[in-house]
Every structure is written in structure tokens, then in C-alpha cells.
Amino acid sequence: GDSVTQMEGPVTLSEEAFLTINCTYTATGYPSLFWYVQYPGEGLQLLLKATKADDKGSNKGFEATYRKETTSFHLEKGSVQVSDSAVYFCALSGLGNQFYFGTGTSLTVIP
Amino acid sequence: GAVVSQHPSWVICKSGTSVKIECRSLDFQATTMFWYRQFPKQSLMLMATSNEGSKATYEQGVEKDKFLINHASLTLSTLTVTSAHPEDSSFYICSARDPGTGLLYEQYFGPGTRLTVT
């Protein structure tokens with residue numbers, strides 16, 4: 001079945017460091033891929049998405065490229081800020097439009 | 001943007017009692033809502049899909065008699081945890097799909113409800 005494997009955390013970075021959170025997926029057909037962010041005490045917010053191969057999703061300085069050949073959707077940001085501290089979830093929406101989430105990666109950015 | 005609210009945000013109940021959690025779409029009509037459960041440091045697990053005016057579709061392994069879902073209107077779905085036990089303690093999150101966007105994959109998430117059963 002469809003699934004998402006996400007890099008385990010927690011991840012701690014200094015402000016302005018480069019961020020990569022790895023995400024790979026297994027799916028039947030051609031899923032849509034997402035990154036969601038969950039700030040402390042809040043619900044999930046859509047960070048970015050890509051709906052077909054080679055699409056690049058971007059938002060708030062974060063980017064992820066839908067790589068069909070490697071079944072990956074790694075999240076990157078060139079310079080993280082303290083306000084980026086949150087839990088990040090990779091997800092896919094496959095056949096039937098059901099969502100499958102990764103286990104989440106906790107990011108802490110220290111000044 | 002689309003907003004989904006949940007009430008209550010946290011609840012503590014005694015073992016054996018029932019608890020109702022509400023999920024509301026505030027600025028759109030949601031024909032489909034989803035209920036997820038999130039364990040500490042784990043991912044969201046889909047429990048059921050709630051369709052307005054019809055019975056919910058439960059995922060494999062989810063007890064439909066224990067987790068009662070009612071989607072009585074286009075803006076409200078409720079999850080009732082019946083005869084709650086400590087193992088039901090978890091973070092419950094709902095999401096809703098806005099049919100007006102035309103994007104079947106777009107879901108908007110509520111802030112979650114923390115249930116603690118003592």
C-alpha cells in the first residue's frame with residue numbers, strides 16, 4: 001500500500017543553517033505530495049505541495065521537488081530561522097484521495 | 001483561507017464515560033471531513049472519512065461502535081468516543097475538504113483535541 005518514510009528527528013540547527021528533511025514514498029500510480037507544518041499547540045498547516053513529477057513546491061523559503069525516479073520529496077531551506085521551529089510532516093494523497101503521513105520531524109532552531 | 005475549528009481543545013474524562021468532539025468548517029461547506037488520531041511522536045493515522053448525510057467510512061482496525069461519527073450538516077462533524085478507556089487517550093485531529101476549490105487533495109486541518117482518559 002501507499003506509505004511515506006520520513007527522516008527521523010529531532011533536528012537541531014543554528015539560525016541561518018541549511019535544512020534538509022528527507023522524505024521518500026511508496027505509492028500506486030501518481031500521488032500528490034505535500035509538506036505540512038505543525039507549530040506547538042496548533043493544527044497542521046499546508047506548507048507546500050507538488051502534484052506531478054518534477055514539480056517544485058515552494059513557500060516561505062522552503063522548497064521540495066517531486067522526484068519520481070527516486071520516489072522522493074525532500075524538504076529544503078537555505079537559511080532557517082527560530083520561527084521555523086516546528087514539526088514537519090511529509091504526506092501523499094494517492095488513489096481515493098486518502099492522505100498518508102510520515103512520522104514527522106521535529107525541528108528546533110537555536111539563535 | 002479555509003478555517004477548521006475543533007471543540008474542545010482539550011478534555012479530561014473518567015474511564016467509562018463518553019466524550020464528544022466537534023469539528024466545524026467556519027467559512028466553507030465541507031461535504032467530506034476526516035478524523036485522524038495522533039500518538040505522541042508519531043504520525044497521523046486516518047480513523048474514518050465522514051460524509052455529510054451518510055454513514056462514515058472507517059479504516060481497518062477502527063472500532064465503529066466505539067468511535068461514533070456523525071456528519072449532520074455541511075459544516076459540522078462530531079466524533080464521540082464511547083466508554084472511553086485510558087488507551088483512548090490521544091490527540092484527535094479533524095480535517096475538511098473544500099469542494100469549492102475543485103482540489104480533491106486539498107484538506108484543511110483543525111487544531112486538534114487532546115483527550116486524556118483517567
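The values are calculated or read from the model by the stated rules, or taken from the named source; none is laboratory data. Source: prediction; values computed, not measured. Glycine also receives a Cβ, built like all others from the backbone with ideal geometry; neighbour counts cover every protein chain displayed.
Could you check the range A:10-49 and list, in sequence order, the residues that are among the small types (Gly, Ala, Ser) and under 13 Å from the mean Cα position of the chain (by Cα)?
Of everything in the range A:10-49, just one residue is among the small types (Gly, Ala, Ser) and under 13 Å from the mean Cα position of the chain (by Cα), namely A:SER32.
For the range B:90-118, which residues satisfy the criterion of being surrounded by fewer than 19 Cβ atoms within 10 Å (Cβ to Cβ) and at pLDDT 95 or above?
B:THR116, B:THR118
Among A:LYS52, A:LYS60, A:LYS77, which is the only one that is of a type in the set (Lys, Arg), more than 14 Å from the chain's Cα centre (by Cα) and more than 10 Å from chain B (Cβ to nearest Cβ)?
A:LYS52
Kindly evaluate A:THR5 against the criterion of being over 27 Å from B:GLN60 (Cα atoms) and touching a strand residue (DSSP E or B) at 6+ places or on another chain (Cβ under 8 Å).
On the way: over 27 Å from B:GLN60 (Cα atoms): no; touching a strand residue (DSSP E or B) at 6+ places or on another chain (Cβ under 8 Å): yes.
In short, no.
Being in contact with a Leu (Cβ under 6 Å, 6 or more places away or on another chain), touching a residue at least 60 places away in the same chain (Cβ under 8 Å) and assigned to a loop (DSSP other than H, G, I, E, B) is the filter here, so list the residues in the range A:52-111 that pass it.
A:VAL80
So, of the residues in the range B:73-108 that are within 12 Å of B:ALA30 (Cβ to Cβ) and hydrophobic (A, V, I, L, M, F, W, C), which turns out to be farthest from the other protein chains (Cβ to nearest Cβ)?
B:LEU74
Return the residues of the range B:28-57 that are more than 10 Å from chain A (Cβ to nearest Cβ), surrounded by 13 or more Cβ atoms within 10 Å (Cβ to Cβ), not aliphatic (A, V, I, L, M) and not in a strand (DSSP E or B); say none if nothing qualifies.
B:PHE28, B:GLN29, B:THR31, B:GLU52
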